[in-house]
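Notes for the one structure printed next.
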Amino acid sequence: MMEPIFNQSFHEIGDYLRSVFEPSAEQHKLEEKMDRLITDVINEMHGAPSVTSDTELELIPLMGQEIIIPEVPVHPEQYISHLIREVVHHCINTSSPNFIGHMTSALPIFFRPLSRLLVALNQNVVKVETSKSFTVLERQTLAFMHRLVYSRCESFYTEHGQNLSSTLGVVTSGGTVSNLTALWIARNVALHNQDTDVERDGYALALHKNGYQRGVIIGSSLMHYSFDKAADVLGLGSDGVIRIDCDSRGRIDLVKLEKEIKACQKRGDRILALIGIAGTTESGAIDPLVGMAELARTRDIHFHVDAAWGGPLLMSDVHARKLRGIERANTVTIDGHKQMYLPMGIGILLMKDPHAAARIEKTARYILRGGSLDLGRHSMEGSRSAMSVYMHAGLYLLGREGYGYLLDEGIRKTHWMAKLLASHPAFELIGEPEINILTYRYIPASLREAVRSCTLRPEEHDRINRFNELLQEMQSQQGDSFVSRTTLCGIEGMPKSVVVLRVILANPLTTEAHIQSVLKIQQEIAKDLELSFKYNTDR
């Protein structure tokens, strides 16, 4: 139990609160003590092999504690110790080299002092009056990233980089808000003409005035679920999200896409956007962006590329060619907290047209005045910290070559693992990896011949699916290593749904030895599972 602070040295809450906000020698000493506690646990965890404790979520101490807000403050050191003991020791160590299942990784050390600076300054970049120079820094960061994607001439960035009436992009809390903002722009542009204004009329009336039955967006069957959220928020509904089957590589089928576009036009639907994916969440596949861009151009459809995962490939001399066509997109999403190795909570939306955001501009009398440099005029979110300094710092402190090296190494290790799996009798590689996401599954010994000879019966396929679900759950619960899992659907040449194990090799601390260790753990778990499955089958 944490004891109230006033039982120790403070007797008046007002005195205590003033001391918290006013810098003093005593407060600096307290800050140093707290820093030491935090630094010690961070250093203990950073790069350590263990992923988490073996305590199940339901048994974490906080679960059983009484829910009552403390009446009076407790001592800060006491609280930090409580936090470390009750929460941090049971959290996920995303820096572990054995944590290879999600798009989260170890971070460069220099973000620790930068995060402290941001918290201390407490800037709010919605408004120049609460951020000033950080507004300029954010716009410069967006110009850096815009140039990476669109490669416009020097004069373009001189004109629009810090221009009051231009917007090269928006910094967001992540890909979901970036994708939502892109579709918000696409919807408003598509339904705007001399007689119609969706901002004024509302979505339903704007559709009616333009003579359309409904508005839709079209992407592949592997399109991120954030587009379902966006469709809901923007009024399209789930039927307004059309998913096209993929080829055997997990890329949208252009023939089927063109056929669906014609069907939509025949039905009287307005296609608000085509969605290309540069690095699908499930398998890392990259859609044929050039072909999609051409379909969008010839039919006057907004082309958005969700490059939340794969966008940073543009900094790789080896793999940048895989994103050919992204420069033709109207809007592009990139997540900084994925392959740019930035702290959680920063994404960007880039806009080819520096005036596109005018269709979603909002102002207020007390802030965000028209004609101001206020970044909040074009953002879905209101108050927002100066997280763009992380991206700005990353671009300087890692540089284009540094990012390129990290990406190249992750992809190299992924192809190394793919070869390892392809030669192993217990595992089945599911598709060749495009970048650094890899999917595979474990095949129980009794079913390997049926898999090899393509004679697997539907009930046996379901059994393999269930086996891999249990394997992943048991590995996750042990806490020594982690891979994720997903269910692949709508891919040419595959059953209707295939449960696969999913590995993401982005952590620079992960070596080939760690990969072999993770696979060894899976094989050990699988041996016990196979005995259980055999026993249940025999019965």
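Structure summary
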quantity: Only listed residue being within 24 Å of Lys127 (Cβ to Cβ) and modelled with pLDDT of 95 or more, chosen from Ser372, Ser388; calculated: Ser388
quantity: Enumeration of residues in the stretch 409-431 that are charged (D, E, K, R) and loosely packed, with under 15 Cβ neighbours inside 10 Å; calculated: Arg412, Lys419
quantity: Selection from the stretch 160-193 of residues that are in a helix (DSSP H, G or I) and either among the β-branched types (Val, Ile, Thr) or without any contact (Cβ under 8 Å) to a residue 60 or more places away in the chain (or both); calculated: Thr176, Val177, Thr181, Ile185, Val189
quantity: Within the stretch 171-198, considering residues that are surrounded by fewer than 20 Cβ atoms within 10 Å (Cβ to Cβ) and farther than 30 Å from Thr104 by Cβ, the one modelled with the lowest pLDDT; calculated: Gln194
quantity: Single condition Val126 does not satisfy, out of (1) in contact (Cβ under 8 Å) with a residue 24 or more places away in the chain; (2) β-branched (Val, Ile, Thr); (3) assigned to a helix (DSSP H, G or I); calculated: (3)
quantity: Sole residue being assigned by TED's automatic domain parsing to the domain that holds Gly174 and in contact (Cβ under 8 Å) with a residue 24 or more places away in the chain, chosen from Gly431, Gly410, Gly394; calculated: Gly394
quantity: Subset of the stretch 344-366 (residues that are part of a loop (DSSP other than H, G, I, E, B) and of a type outside the set (Asp, Glu)); calculated: Met344, Gly345, Ile346, Lys352, Pro354, His355, Lys362, Thr363, Ala364, Arg365, Tyr366
quantity: Options Ser50, Ser95: the member that is in contact with an Asp or Glu (Cβ under 8 Å, 6 or more places away or on another chain), touching a residue at least 40 places away in the same chain (Cβ under 8 Å) and of a type in the set (S, T, N, Q); calculated: Ser50
quantity: Residues within the stretch 240-265 that are modelled with pLDDT of 95 or more and part of a helix (DSSP H, G or I), tallied; calculated: 12
quantity: Test result for Arg412, assigned to a loop (DSSP other than H, G, I, E, B) and either at negative phi or touching a Lys or Arg at 6+ places or on another chain (Cβ under 7 Å) (or both); calculated: no
quantity: Restricting the stretch 134-165 to residues that are polar (S, T, N, Q) and surrounded by fewer than 19 Cβ atoms within 10 Å (Cβ to Cβ), the residue that is nearest to Met344 (Cα to Cα); calculated: Gln140
quantity: Test: residue in the stretch 126-133 that is within 23 Å of the chain's Cα centre (by Cα) and surrounded by 18 or more Cβ atoms within 10 Å (Cβ to Cβ); calculated: yes
quantity: Hits in the stretch 222-239 (condition: part of a helix (DSSP H, G or I) and either of a type in the set (S, T, N, Q) or touching a residue at least 40 places away in the same chain (Cβ under 8 Å) (or both)); calculated: Ser226, Phe227, Lys229, Ala230, Ala231, Val233, Leu234, Ser238
quantity: Residue within the stretch 492-508 that is more than 26 Å from Arg249 (Cβ to Cβ) and under 27 Å from the mean Cα position of the chain (by Cα) present; calculated: yes
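Conditions tested, residue by residue: (1) out of contact with any Pro (no Cβ under 6 Å at 6 or more places or on another chain); (2) surrounded by fewer than 20 Cβ atoms within 10 Å (Cβ to Cβ); (3) assigned to a helix (DSSP H, G or I).
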residue: Ala273; (1), (2), (3): yes, no, no
residue: Thr280; (1), (2), (3): yes, no, no
residue: Gly291; (1), (2), (3): yes, yes, yes
residue: Arg297; (1), (2), (3): yes, yes, yes
residue: Asp300; (1), (2), (3): yes, yes, no
residue: Phe303; (1), (2), (3): yes, no, no
residue: Leu313; (1), (2), (3): yes, no, yes
residue: Val318; (1), (2), (3): yes, yes, no
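One line per residue, one yes/no per condition, for (1) surrounded by 13 or more Cβ atoms within 10 Å (Cβ to Cβ); (2) at pLDDT 90 or above; (3) over 30 Å from Val518 (Cβ atoms); (4) of a type in the set (Ser, Thr, Tyr):
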site: Ile5; (1), (2), (3), (4): yes, no, yes, no
site: Asp15; (1), (2), (3), (4): no, no, yes, no
site: Lys29; (1), (2), (3), (4): no, yes, yes, no
site: Leu59; (1), (2), (3), (4): no, no, no, no
site: Val72; (1), (2), (3), (4): no, no, yes, no
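The values are calculated or read from the model by the stated rules, or taken from the named source; none is laboratory data. Note that the structure is a prediction, hence the values are computed from the model and not measured. All Cβ positions, glycine included, derive from the backbone under ideal geometry; neighbour counts span all protein chains shown.
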